[in-house]
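Input: a single structure, listed below in structure tokens.
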There are 2 protein chains.
Amino acid sequence: MTTNKPKKSDISKEKILKASLELFQVHGYEQTTMRAIAEKANMSLGAAYYYFKTKDELVLHYYAESSKEVEHRLGEILAKESDYKTCFKLLLQFKHEQLLPVRSFFGVLVQQAGNLQNPLSPFSSSTKELRDEAIGQIEYLIENSNLKVHKVLRPHMAKLFWLYQMGIVLYWINDTSHEQVRTNRLIDLSLELILTALSMSNLPLMGQINKSLVKVVQLVESCTATPNLEEQHDA
Amino acid sequence: MTTNKPKKSDISKEKILKASLELFQVHGYEQTTMRAIAEKANMSLGAAYYYFKTKDELVLHYYAESSKEVEHRLGEILAKESDYKTCFKLLLQFKHEQLLPVRSFFGVLVQQAGNLQNPLSPFSSSTKELRDEAIGQIEYLIENSNLKVHKVLRPHMAKLFWLYQMGIVLYWINDTSHEQVRTNRLIDLSLELILTALSMSNLPLMGQINKSLVKVVQLVESCTATPNLEEQHDA
DNA sequence: GGTATATTTTGAACATGTTCAAAATATAGA
DNA sequence: TCTATATTTTGAACATGTTCAAAATATACC
């Protein structure tokens with residue numbers, strides 16, 4: 001069931017992807033119409049919809065693709081560095097650079113964050129796979145790094161970092177400063193902050209804070225992890 | 001220039017607002033069409049658009065209205081309580097209850113948070129007035145409370161609390177648990193966390209963290225405060 | 001009241017995401 | 001090669017947010 005012959009459908013799919021990428025990059029997500037995409041791909045509107053059920057799905061495709069590239073890059077980074085702060089910074093910077101050309105339309109993903117019902121939300125159930133993949137990547141990064149953190153927090157670090165990283169992306173998307181210098185500064189400053197805070201998590205008087213933090217993370221997670229399991233009247 | 005005679009326009013506006021509220025409540029924001037609103041208000045589609053330039057603007061109206069109610073409620077709370085934790089909790093709970101009937105469609109406001117260009121975003125320039133109003137309310141709450149926090153943090157507490165509160169609302173919007181018990185738990189837990197953390201901000205070894213935090217807040221603010229002043233190539 | 005101007009209302013038209021039944025084409029089995 | 005089935009393509013149609021020129025109505029001034 002792997003790739004045998006280049007099926008016609010694959011070729012058409014490619015055509016649509018190529019056309020949409022170009023248009024999205026130039027005109028952004030909203031301004032690009034499905035009709036324009038279909039036209040540029042030399043096919044009818046209906047054909048485009050045969051391959052991608054919604055306009056959203058096109059963007060989701062790039063998201064998935066970039067996730068794979070990040071995974072690859074992560075391996076490279078970890079081969080050279082073990083200081084987790086440096087690693088995380090390199091990772092964020094790579095995402096930053098790699099996503100630069102698609103920034104104009106990639107934003108829709110993040111922008112829809114607040115609506116868990118929207119399939120485009122990074123918290124929605126349709127993006128769960130991608131989310132878990134990203135969190136797994138961070139987990140891997142942490143495992144292979146020198147991050148020292150209280151054992152109560154440890155199992156939730158990857159999720160926390162993922163949330164943090166989503167915040168950075170959100171900022172980046174809306175950052176209109178020249179070459180996004182502000183985002184870079186934010187990365188530096190916030191990593192500094194987190195680094196310092198985490199290094200304190202082993203102090204005795206932090207016990208309460210650590211526990212509260214874990215509970216909050218779990219509560220947040222419980223809303224995203226299984227959003228489609230219908231109304232869990234929990235206790 | 002105050003209310004003289006009930007202008008025809010005011011009556012029509014009221015009719016639209018009433019119709020839209022009912023429809024939004026029953027069917028939510030997306031499912032409610034402008035045509036349905038116009039029909040329910042006994043007027044043509046174009047007339048509805050004469051009073052509200054976009055569908056969004058209708059929701060924005062309720063946002064503004066509820067903000068006034070919150071302000072009123074805040075006065076009541078502060079008259080009885082001075083413990084800032086209790087105050088904040090009461091305030092959050094009031095917002096929670098008061099917004100309950102509009103929860104189904106009020107979410108669009110928060111959901112668009114990620115797109116600062118979207119007028120519906122609570123970070124956008126079109127909602128700046130409302131935002132400042134809300135922050136002012138929190139400022140007032142803090143001033144009249146017993147909150148003790150490091151002087152470096154003090155000037156930014158209201159903004160921080162506002163951000164925090166937006167997070168809570170975001171959670172609340174998407175909380176499908178029975179009677180939103182999860183949101184209530186989140187409020188308890190996170191307030192506990194913040195309370196503990198803030199009470200530590202005066203400790204000597206927190207100096208670095210405090211400073212970093214302030215810088216991060218300022219950086220975040222710089223992206224929201226003047227989003228329409230065109231490309232500030234800052235240093 | 002009559003006329004000029006401002007306000008309000010209308011309905012048609014447009015753009016765009018999406019659906020769908022039917023047509024065209026490809027594929028497999030005889 | 002011929003036929004049956006599966007895949008792909010098409011274009012028309014629909015829903016809905018939005019715009020707009022023209023018509024209807026109200027208001028103000030004589």
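Any idea which residue in region A:194-206 is nearest to the chain's Cα centre (by Cα), counting only those that are farther than 19 Å from B:L195 by Cβ and open to solvent by less than 30 Å² (accessible area, probe 1.4 Å)?
For region A:194-206, the residue satisfying everything is A:L198.
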Would you check which residues across region B:142-193 are more than 10 Å from every other protein chain (Cβ to nearest Cβ) and open to solvent by 60 Å² or more (accessible area, probe 1.4 Å) and list them?
B:E143, B:N144, B:N146, B:K148, B:K151, B:R154, B:P155, B:L163
Within region A:175-199, the count of residues that are farther than 17 Å from B:S212 by Cα and either touching a Gly at 6+ places or on another chain (Cβ under 6 Å) or in contact (Cβ under 8 Å) with a residue 60 or more places away in the chain (or both) comes to 1
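In this structure, is A:A19 within 11 Å of DNA strand C (Cβ to nearest atom), farther than 20 Å from A:Q112 by Cβ, more than 14 Å from chain B (Cβ to nearest Cβ) and touching a residue at least 12 places away in the same chain (Cβ under 8 Å)? Explain how you work it out, then say what you get.
On the way: within 11 Å of DNA strand C (Cβ to nearest atom): no; farther than 20 Å from A:Q112 by Cβ: yes; more than 14 Å from chain B (Cβ to nearest Cβ): yes; touching a residue at least 12 places away in the same chain (Cβ under 8 Å): yes.
Considered against the rule, which asks whether it is within 11 Å of DNA strand C (Cβ to nearest atom), farther than 20 Å from A:Q112 by Cβ, more than 14 Å from chain B (Cβ to nearest Cβ) and touching a residue at least 12 places away in the same chain (Cβ under 8 Å), A:A19 comes out as no.
Taking the options A:K85, A:K95, name whichever one is away from DNA strand C (no atom under 16 Å from the Cβ), open to solvent by less than 90 Å² (accessible area, probe 1.4 Å) and within 14 Å of chain B (Cβ to nearest Cβ).
On the way: A:K95 fails: within 14 Å of chain B (Cβ to nearest Cβ).
One residue alone meets the criteria, A:K85.
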Output for Cβ contacts, cut-off 7 Å, separation at least six or different chains, first residue part of a helix (DSSP H, G or I) in region B:77-94, second among the polar types (S, T, N, Q) and open to solvent by 50 Å² or more (accessible area, probe 1.4 Å), reads B:L78/B:N144; B:Y84/B:N146
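Scanning for something open to solvent by 90 Å² or more (accessible area, probe 1.4 Å) and away from DNA strand D (no atom under 12 Å from the Cβ), does region A:8-20 turn up at least one residue? Steps first, answer last, please.
Taking region A:8-20 first, the residues open to solvent by 90 Å² or more (accessible area, probe 1.4 Å) are A:8, A:11, A:14, A:18.
Then keep just the ones that are away from DNA strand D (no atom under 12 Å from the Cβ); that gives A:18.
There is at least one residue in region A:8-20 that is open to solvent by 90 Å² or more (accessible area, probe 1.4 Å) and away from DNA strand D (no atom under 12 Å from the Cβ).
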So the helices (runs of 4 or more DSSP H) completely within region A:100-179 holding 2 or more residues that are over 25 Å from A:Q31 (Cβ atoms) and modelled with pLDDT of 90 or more are A:128-143, A:157-174
Out of all the residues in region A:43-54, which are open to solvent by less than 60 Å² (accessible area, probe 1.4 Å) and either within 11 Å of DNA strand D (Cβ to nearest atom) or small (G, A, S) (or both)?
A:M43, A:L45, A:G46, A:A47, A:A48, A:Y51
Pick from region B:207-219, criterion more than 9 Å from chain A (Cβ to nearest Cβ) and open to solvent by less than 20 Å² (accessible area, probe 1.4 Å), ranking: nearest to the chain's Cα centre (by Cα)
B:V217
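Right, A:Q111: within 16 Å of DNA strand C (Cβ to nearest atom), open to solvent by 40 Å² or more (accessible area, probe 1.4 Å) and within 14 Å of another protein chain (Cβ to nearest Cβ) or not?
Working: within 16 Å of DNA strand C (Cβ to nearest atom): yes; open to solvent by 40 Å² or more (accessible area, probe 1.4 Å): no; within 14 Å of another protein chain (Cβ to nearest Cβ): yes.
In short, no.
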Look through region B:69-82, keep the residues that are more than 12 Å from B:S145 (Cβ to Cβ) and within 17 Å of the chain's Cα centre (by Cα), and return whichever of them is surrounded by the fewest Cβ atoms within 10 Å (Cβ to Cβ).
B:H72
So which of B:F161, B:F106 is in the same structural domain as B:K68 (by TED's automatic domain parsing) and within 18 Å of B:T54 (Cβ to Cβ)?
B:F106
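Quick test for you: out of A:K159, A:K89, pick the one residue that is out of contact with any Cys (no Cβ under 8 Å at 6 or more places or on another chain), charged (D, E, K, R) and under 21 Å from B:I209 (Cα atoms). Can you show your working first?
Values: A:K159 fails: under 21 Å from B:I209 (Cα atoms).
Of A:K159, A:K89, the one residue that is out of contact with any Cys (no Cβ under 8 Å at 6 or more places or on another chain), charged (D, E, K, R) and under 21 Å from B:I209 (Cα atoms) is A:K89.
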Test set (1) touching a Ser or Thr at 6+ places or on another chain (Cβ under 8 Å); (2) open to solvent by less than 50 Å² (accessible area, probe 1.4 Å) - A:S66 fails condition number
(1)
Quick count over region A:23-42, residues being near DNA strand C (Cβ under 7 Å from one of its atoms) and open to solvent by less than 20 Å² (accessible area, probe 1.4 Å), is 2
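Does any residue of region A:55-69 turn out to be within 16 Å of DNA strand D (Cβ to nearest atom), touching a helix residue (DSSP H, G or I) at 6+ places or on another chain (Cβ under 7 Å) and at pLDDT 85 or above? Walk me through it before giving the result.
Our first condition is that a residue be within 16 Å of DNA strand D (Cβ to nearest atom); within region A:55-69, this holds for A:55, A:57-58.
Checking the rest, the ones that are also touching a helix residue (DSSP H, G or I) at 6+ places or on another chain (Cβ under 7 Å) come to A:55, A:58.
Adding the requirement that they be at pLDDT 85 or above leaves A:55, A:58.
Yes, because at least one residue in region A:55-69 is within 16 Å of DNA strand D (Cβ to nearest atom), touching a helix residue (DSSP H, G or I) at 6+ places or on another chain (Cβ under 7 Å) and at pLDDT 85 or above.
The values are calculated or read from the model by the stated rules, or taken from the named source; none is laboratory data. In this text the structure is predicted, and so the values were computed from the model without any measurement. Backbone-built Cβ (ideal geometry, glycine too); neighbour counts: all protein chains shown. Calculation scope for accessible area: heavy atoms of the full protein, side chains included, ligands and nucleic acids excluded. Shrake-Rupley method; radii C 1.70, N 1.55, O 1.52, S 1.80 Å.
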